[in-house]
1. Counting helices only, and only those DSSP H runs with n ≥ 4, report the 222 nm mean residue ellipticity of the chain as the sum of -39,500 (n - 2.57) divided by its residues, in deg cm²/dmol to the nearest 500.
2. Which value, in debye to the nearest 20, describes the size of the charge dipole of the stretch 58-142 about its Cα centre when Lys and Arg Cβ atoms bear +1, Asp and Glu Cβ atoms bear -1, and nothing else is charged?
3. Plugging the Kirkwood radius over Cα pairs into Stokes-Einstein for the stretch 197-319, at a temperature of 10 °C and a viscosity of 1.306 mPa s, what D comes out in µm²/s?
4. What residues have an amide H closer than 5 Å to that of GLY128, excluding those fewer than 5 places away on the same chain, when H is modeled at 1.01 Å from N in the peptide plane?
5. If you take the beta carbon distance between ASP196 and HIS88 as r and set R0 to 51 Å, what does 1/(1 + (r/R0)^6) give as a FRET efficiency, to the nearest 0.05?
6. How do TYR21, TYR59 rank when sorted from fewest to most other Cβ atoms within 10 Å of their own Cβ?
7. In percent, what relative contact order does the chain have, based on Cα pairs under 8 Å that are 6 or more apart in sequence?
8. Can you give the relative contact order of the stretch 197-319 as a percent, counting alpha carbon pairs under 8 Å and 6+ residues apart?
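Coordinate-derived values only; no laboratory data. What you see is a predicted model, and the numbers here were worked out from it, not measured in a lab. Cβ sites come from the backbone with ideal geometry, for glycine too, and all protein chains shown count toward neighbours.
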Amino acid sequence: MVPVRPSKVITRHRDGAIYAYVVDSGALGTLEPAAVFRPRPGDEVAESAVRTDLERVVYTTLGGVVCLTRAGDVVWASAFEPHSDRLHGHRPGCALSLDDRTVWVYRPDAMAGRGGADQWVVHDADSGAVLARRELETAGHGAGHHVHPVDGGFYLDIGEGQDGSVILRGRLRADREPEFMTYPWWDRCLIDLAPDGRQFMTVDHGQADVGFHDHPSGNMLFTLPVEAFGYDPEETFVEWSGGYLTPDTAVVTLGGEGHDEEEWFRHHLVDVRTGTLSGEIAVEVTNPYDLVPLGDGSWLTDGPDGHPVRRAGAPHPAG
């Protein structure tokens, strides 16, 4: 049985604005924006997150993090110090906690040339006060936040370019004291957390296999190399995309280049209970990163007008 997933809010950046969309369990088709936020004049948004009541947005720029109301009033702002003039190679990220009480911000300070290590900073969502700060042993270009759907903790996947990828986990305990830990890998990229919170999915940095891990230990449950999907590993690779279609089914995307040098990709389904293939899913997308599984049997793609489109359907049987 697919669990009922609470509504979530996703954002898109277009025409200098932040568009917020509510993804709930009932709506299929093109999503219409539920709220539109206008960043401060001159701010170029790197990443954003909108509160579930749609009343506030938090976003990062190359130089800081900002919280605004729907009317455009600044609730709080925190500049990244010292100031950096570098415009490329670093992309700060942010995410809101499940209860909207905290904002988690990744600062790629090493690549920004701030003279220190990267940082992971937790702010109070109402005041902007710093609740926790973790100096990291990374020099990342950017990172992806993943909120655990059950315990509310965060996973952070930091991309260090050709040097690999580092995965961390953090949470605030009930007494508001922080806990951080780093998984002992540099060669696995975090793709998604299972909607029931029991496991997570990674892809080898060299794109040779996909792996599924126990939460929170990180112990590998099983891996599937390219060969397991029936492809030649010399010509095919696992894309850094996909995720959990349901708690029991993951989408794994494989791609390569045809004889005419035309790129191709296909979305395979894996039964994560048994570690076996369970068919394919045919989706009309232009690139392997356009399909975003939502964990409840549906997925998002980007529509031609820039609005996300939510779809659901039956997979092709394995053959």
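1. The per-residue figure over the chain is 0 deg cm²/dmol.
2. Values: 8 positive and 11 negative charges, 37 e Å.
Dipole size: approximately 180 debye.
3. It comes out at roughly 107 µm²/s.
4. Under 5 Å from the amide H of GLY128: no residue qualifies.
5. Calculated transfer efficiency: 0.85.
6. Numbers: TYR21 21, TYR59 25.
Starting with the residue having the fewest Cβ neighbours, the order is TYR21, TYR59.
7. Working: 784 pairs, mean separation 31.0, N = 319.
Here the relative contact order equals 10 percent.
8. Values: 251 pairs, mean separation 20.3, N = 123.
Here the relative contact order equals 17 percent.
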